[in-house]
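Novice: Questions regarding the structure given below will be posed in turn.
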Amino acid sequence: MPMMPSALEEAEVSNVFTSLVNPTGITIVPCSPTAKPLKTITDVKTALQQGRKQDLKYILRNNAWPVDHPIRNQLWPLLCMQHQNEKSSNSIEGFYWEMVKQVFGTMELPDKPINLPPFVEPSHCHSYYLTHKGRAAVDRVVSVLGYAYPDIVYSPTIYSICALLLHFISEEECYNCMVCLVVCKEKTFITQTKLLYEVTWKTVMQISKKHVVGALRRRENWRNSMFCFLFWLQKGPAVFLQRHCNSARAERIYVDWIWWIFQGLPFQHLIRIMDCFFHEGIKVFYRTAMAILILFYKNSSAPTSEYQAEIQKNGVESALLKFCKEMPVTPQKFLKVAFGIRGLSSAYISRVFIRTEMVLKSKTVISGSRQLVRSRSSENLPNSQSQNNIQMVSHTLTIREGAHSPGPRTLSMGIFPVQNVESVILAQEDVFGAYCSSRWCERNQKDQRGNRQAYFGTGETFLFSLYPERAKYPWVGIDADRVEHGAELFMAADTKMITIGGGDGQAIWIDENIRFGKSDACSTFNNPPLCPGGDFEIRVLEVYGFKMND
């Protein structure tokens with residue numbers, strides 16, 4: 001039981017927080033007497049100015065600043081503002097208050113509740129230790145954000161993040177920080193559509209099946225409950241949850257993953273997580289969710305555990321939330337578990353996220369929804385230099401997946417300038433083609449490692465045949481929860497050829513003179529050859545481009 005603070009200590013605590021906070025209910029966990037001296041804001045600024053990003057990560061992850069440490073009124077704005085770009089340049093002094101006047105007609109906080117933007121989740125407007133005036137300030141910041149950025153469709157975490165910022169910084173600074181997080185393109189901080197929110201919880205569900213199990217396997221001292229431990233190792237956390245509820249209910253648990261963090265964790269844990277989040281982005285939340293699952297298993301696997309009793313009485317969701325609220329480890333130990341999970345790299349998370357996004361987006365397009373977000377199928381494949389290289393990339397990838405592929409085949413040479421259009425490719429007598437969802441100029445774009453993409457495009461790409469038969473061949477991933485990478489090769493092009501589809505062959509391949517081509521069965525669309533014999537001569541080529549109005 002923590003000791004009640006003295007009047008002097010209460011005064012010191014209140015000076016750390018803004019006037020919008022009632023600090024009397026905040027639990028203060030002091031630093032360990034044996035802990036190393038904490039880094040200062042000067043140390044953070046130096047690492048940031050010198051571009052030492054890894055050092056800055058280490059500082060943020062390992063310096064256990066207590067909740068009442070005065071560093072955050074400078075630290076959080078500094079971390080957020082490093083992500084600003086030309087779209088966040090409106091964060092100049094006074095801009096926010098001009099927006100407030102424009103939206104509300106006055107700078108005075110209204111007495112009546114503010115109608116919040118539709119992207120807010122009304123049941124999850126967590127204000128933590130803010131006063132009534134503080135909650136009104138959160139409402140105002142969120143409302144101005146919604147006015148300034150109407151493209152935000154669904155973003156349930158915005159309210160909670162704003163509320164946390166207002167514990168340490170002013171209303172104007174809070175708005176400026178939120179703008180930087182909303183418009184940042186280099187990292188994801190805040191999802192802004194329902195589709196991307198769905199991608200996040202499905203990403204958590206997928207990575208938990210692999211990385212939570214791996215983390216548990218390395219923790220030898222957790223083997224006391226051998227039966228439960230082996231069950232976990234063999235089946236994974238998803239099945240551990242399904243052990244106590246059906247599949248639909250287990251999915252529902254993952255849907256609420258972000259509220260394990262923002263609603264469940266103690267305030268002192270949440271603040272330390274935000275120290276890292278403002279620098280590293282949403283991947284910190286993924287690691288946090290994995291740490292919660294690992295620690296929840298450790299504390300609930302024994303039959304005598306109070307959480308087992310809670311599971312039996314009120315269900316897994318209630319037990320998990322109860323565990324989060326009663327988190328039995330210190331904030332620093334919690335972060336040590338979260339960042340100690342091996343193999344959970346940013347690149348891996350990005351691949352899982354993009355693959356999940358692509359599948360959901362393609363299904364959404366087929367079902368008629370108009371919410372579209374960009375995604376790619378490339379996974380650091382080598383740059384294509386010729387048809388032979390492209391064929392070998394597809395062929396080699398398919399061999400690794402245990403499938404059979406015909407040998408590479410090339411036709412003629414020359415130079416073919418591919419235009420920046422979406423296209424339909426047709427051949428007379430046998431009339432067939434493809435809808436290509438991406439612009440061909442994307443072949444020149446580079447991935448996160450600086451490598452040019454060999455394959456690009458999205459799951460909206462499809463093949464069709466008009467004569468002698470009418471048929472459509474959509475991407476195989478539309479009706480599958482998981483596909484091999486050989487089935488995610490949509491489009492490729494260079495100066496020697498263009499190709500559509502890959503894995504076990506190319507659905508459509510055309511040489512640089514736009515004279516000869518070939519069509520094979522391929523894994524991307526599970527199509528037969530679109531013309532008899534596979535080889536064809538082009539007599540008529542029609543290309544249609546579509547342009548979206550701004």
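The values are calculated or read from the model by the stated rules, or taken from the named source; none is laboratory data. Because the structure is a prediction, the values reported are computed rather than measured. Because the Cβ atoms are built from the backbone with ideal geometry, glycine has one as well, and the counts that use them run over all protein chains shown. Accessible surface is based on the protein model in full, side chains and every heavy atom, while ligands, DNA and RNA are left aside. Shrake-Rupley method; radii C 1.70, N 1.55, O 1.52, S 1.80 Å.
Novice: Do you know which of the residues in segment 271-303 that are under 19 Å from the mean Cα position of the chain (by Cα) and among the basic types (K, R) is nearest to S318 (Cα to Cα)?
Specialist: Per the stated criteria, the residue is R287.
Novice: Also: Among the residues of segment 259-286, write down those that are over 21 Å from K185 (Cα atoms) and basic (K, R).
Specialist: The one that is over 21 Å from K185 (Cα atoms) and basic (K, R): R272.
Novice: Ok, one more. Filter segment 283-309 down to residues that are outside any helix (DSSP H, G or I) and open to solvent by less than 20 Å² (accessible area, probe 1.4 Å) and give me whichever is modelled with the lowest pLDDT.
Specialist: Looking at residues that are outside any helix (DSSP H, G or I) and open to solvent by less than 20 Å² (accessible area, probe 1.4 Å), I get S301.
Novice: Are any of the residues in segment 442-455 at pLDDT 80 or above and either touching a helix residue (DSSP H, G or I) at 6+ places or on another chain (Cβ under 6 Å) or among the hydroxyl-bearing types (S, T, Y) (or both)?
Specialist: Yes, some residue in segment 442-455 is at pLDDT 80 or above and either touching a helix residue (DSSP H, G or I) at 6+ places or on another chain (Cβ under 6 Å) or among the hydroxyl-bearing types (S, T, Y) (or both).
Novice: Could you please find all residues in segment 456-465 being open to solvent by less than 10 Å² (accessible area, probe 1.4 Å) and either more than 19 Å from V199 (Cα to Cα) or modelled with pLDDT of 90 or more (or both)?
Specialist: F456, T461, L463
Novice: Here is a further query. So, in segment 418-440, exactly how many residues are open to solvent by 30 Å² or more (accessible area, probe 1.4 Å), closer than 20 Å to M358 by Cβ, modelled with pLDDT of 75 or more and not in a strand (DSSP E or B)?
Specialist: 1
Novice: Could I ask something else about it? Taking strands (runs of 3 or more DSSP E) that do not extend beyond segment 466-550, which have at least 2 residues that are in contact with a helix residue (DSSP H, G or I) (Cβ under 9 Å, 6 or more places away or on another chain), open to solvent by less than 80 Å² (accessible area, probe 1.4 Å) and closer than 30 Å to T356 by Cα?
Specialist: So the answer is 491-493, 497-500.
Novice: For segment 520-538, state whether one or more residues are over 20 Å from Y467 (Cβ atoms), among the β-branched types (V, I, T) and in contact (Cβ under 8 Å) with a residue 40 or more places away in the chain.
Specialist: Looking through segment 520-538, at least one residue is over 20 Å from Y467 (Cβ atoms), among the β-branched types (V, I, T) and in contact (Cβ under 8 Å) with a residue 40 or more places away in the chain.
Novice: Return the pairs, sorted by first residue and then second, in which the second residue is open to solvent by 10 Å² or more (accessible area, probe 1.4 Å) and among the small types (G, A, S), the first residue lies in segment 155-168 and is at negative phi, the beta carbons are less than 6 Å apart, and the residues are 6+ apart or on different chains.
Specialist: Partner pairs satisfying both residue conditions: A163/S127.
Novice: Restricting to segment 10-52, and then to whatever is among the small types (G, A, S), assigned to a loop (DSSP other than H, G, I, E, B) and modelled with pLDDT of 90 or more, can you tell me which residue is least open to solvent (accessible area, probe 1.4 Å)?
Specialist: G51
Novice: With the requirement that a residue be open to solvent by less than 40 Å² (accessible area, probe 1.4 Å) and in contact with a strand residue (DSSP E or B) (Cβ under 9 Å, 6 or more places away or on another chain), what does segment 118-130 give you?
Specialist: The one that is open to solvent by less than 40 Å² (accessible area, probe 1.4 Å) and in contact with a strand residue (DSSP E or B) (Cβ under 9 Å, 6 or more places away or on another chain): L130.
Novice: Continuing with this model, one more query. Among the numbered criteria (1) closer than 19 Å to I282 by Cα; (2) open to solvent by less than 60 Å² (accessible area, probe 1.4 Å), which one does N63 miss?
Specialist: For N63, the failing item is (1).
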